[in-house]
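J.: Right, I'll just put the structure down here and ask away after.
None of the figures in this text is laboratory data; all of them are computed from the coordinates on show. This is a predicted model, so every value here is computed, not measured. Here the Cβ is made from the backbone with ideal geometry for all residues, glycine too, and neighbour counts use every protein chain on show.
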Amino acid sequence: MNQTADVIVVGGGVIGCFIAYELSKAGLEVVVVEKGQVGAEASSAAAGLLVPLHMAEEERALFELHLASTKMFPALVPELEEETGISVEYIPSGILRVALNEEEETVSQFQKLGEAFGMAITWLDATELHSLEPALAPAVCGGILSHDEAYINNGRLVLALARGASVRNARFHEGCLATGVRRENGRFLGIQTNEGEISAGHLVIATGAWSDRGVEPCFLRSVGYNHPCHSCAWTDVGGHNYSASASPSHQF
């Protein structure tokens, strides 16, 4: 396999597929390299919660980015579903955050932070909450309904994005491991993979927690980027993934 493209995306999860979808919409030729199956890693386990408010208190920059992203879904979803025929099961139901007595102040703070950024949030007393969700514990005394937050089926979203990109001639290579970067005089030329070379003018690394393996750390270090990612040892216990730092001192 010796191919050329405008952009190579390493990683076929929701981020990589979103990038491929948008770049292909913009008319660029895109190749996505995925070491396993598209959407089969973290994107297959993600709950699909579009809930920026939980970041508002401590991760302000990330909160603003997540909020802006969440606001795009009402327009994105109908377009994507019509193009691909895949329902992504987007449910704009809002999210409840409830409180016991000692937690009420914290929940109220979420309301203030969200409203400061234009989010629609309603305070509900215990009666209103239990009417809306009878399964709540009797001890719940109040809480907020954040109307702008939602749920989406993350697995179906990845499939739809990949299909939408493919319709626009993006190429996906599953079981394809990026093994090296080709450069000349500081200029990026492409990557090597276990299936051959791919040439392109631009590279996007969208490998998430796996960014400290394979091609990614070499490339990131070569351009002077100190990516704060620790090596992790992964294990599967009863269908759940657990991780532990394999080398606490290793950071690149």
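J.: Only bridges whose two residues both fall in the range 1-145 count here: according to DSSP, what percent of them are antiparallel, nearest 5?
T.: Once the DSSP bridges in the range 1-145 are tallied, antiparallel ones form about 65 percent.
J.: Order these by the 10 Å Cβ neighbour count, fewest first: 112, 71.
T.: Working: 112 10, 71 14.
In increasing order of surrounding Cβ atoms, one gets 112, 71.
J.: Going 7 Å from the Cα of residue 106 along its beta-carbon direction, which residues of the range 39-66 have the amide nitrogen within less than 16 Å of the resulting point?
T.: Of the residues in the range 39-66, 53-59 have backbone N under 16 Å from the label point off residue 106.
J.: Ok, one more. Just rank 81, 105, fewest to most, by other beta-carbon atoms within 10 angstrom. All intermediate terms of the calculation are to be shown ahead of the outcome.
T.: Details: 81 17, 105 9.
Fewest-to-most ranking of 81, 105: 105, 81.
J.: Please identify the chymotrypsin sites (Phe, Trp or Tyr not before Pro) of the range 71-180 that satisfy two criteria: DSSP loop assignment and at most 15 other Cβ atoms within 10 Å. Which are they?
T.: Answer by residue number: 117.
J.: Moving to a separate point now. Going 7 Å from the Cα of residue 167 toward and past its Cβ, which residues in the range 78-93 have a backbone nitrogen under 14 Å from where you end up?
T.: What the label zone holds, given the 14 Å backbone N cut-off, is 78-88.
J.: Turning to a different aspect of this structure: Mind giving me the nanometre distance, one decimal, between the label points for residue 126 and residue 194, set 7 Å out from Cα along Cα→Cβ?
T.: 5.8
J.: Please order 43, 69 by the number of other Cβ within 10 Å, starting at the fewest.
T.: Details: 43 23, 69 13.
Going from least to most buried by this count: 69, 43.
J.: Enumerate the lysines that residue 112 could reach by cross-link, defined here as Cα to Cα under 21 Å, with residues fewer than 8 away along the same chain left out.
T.: Partners within reach: 71.
J.: With a point put 7 Å past each Cα toward its Cβ, work out how far residue 25 is from residue 187 in nm, to one decimal.
T.: Each label point lies 7 Å from its Cα, and together they span 3.1 nm.
J.: Residues with amide H under 5 Å of residue 190's amide H, sequence separation 5 or more or different chain, H placed in the peptide plane at 1.01 Å from N; which?
T.: For residue 190, whose amide H was placed from the backbone, the distant partners under 5 Å are 182, 200.
J.: Averaging sequence separations of C-alpha pairs under 8 Å and six or more residues apart, then dividing by the length of the range 49-151, give the relative contact order as a whole percent.
T.: Details: 140 pairs, mean separation 37.4, N = 103.
Here the relative contact order equals 36 percent.
J.: Further question on the same structure: With a cut-off of 15 Å, note down the residues of the range 122-150 whose backbone N falls inside the zone around a label point 7 Å from the Cα of residue 93 toward its beta carbon.
T.: 130-136, 145-150
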